[in-house]
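None of the figures in this text is laboratory data; all of them are computed from the coordinates on show. Only a predicted model underlies this, so the values are computations on that prediction, with no experimental measurement involved. All Cβ positions, even for glycine, are placed from backbone atoms using ideal geometry, and neighbour counts span all protein chains on display.
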């Protein structure tokens, strides 16, 4: 397997899934765990992006006159709605390998570091829409990458399942 620095690059490298049936069970489990960890991190990033998108959508609705409450008044409801929509909250760990987050040069790094929420009332509608567009594009990229990581996880999991099945069938026929 190539010696790329970030785990996400390692997983997405075709070498990661080459000759999976030839690997020992320990290596298969390790690769599955790395894929699961990265998928959880990507899921966490998606939730962070969705939260920001929900806040911006609310503020844009408020400015159109569709909402009378302030962003601060609606904040608990907005955040609670995102939590309910988030699904499997128990799977994501509280700490992450910052190597996945990158070096600050990727679009997701910029949108997650943007402090627009501290001055949302000072921004023009066009600026809010531009930020929302950047968040939406980053969410799309993260989702695509997450699906690719899930496919690798599934491929490794299938080999592990086949291995277990072969072991059980072999034991039963002995």
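Before moving on, here are some points about what is shown:
- P(r), alpha carbons of the range 1-76 - 5 Å bins starting at zero, rounded %: 3, 13, 16, 14, 9, 7, 7, 7, 8, 7, 5, 2, 0
- Relative packing of peptides 64-70, 155-161 - highest average C-beta neighbours within 10 Å first: 155-161, 64-70
- Working note: Debye formula, equal point scatterers on the alpha-carbon atoms of the range 120-174, no solvent; log10 I(q)/I(0) at q = 0.16, 0.22 Å⁻¹ is -0.67, -0.83.
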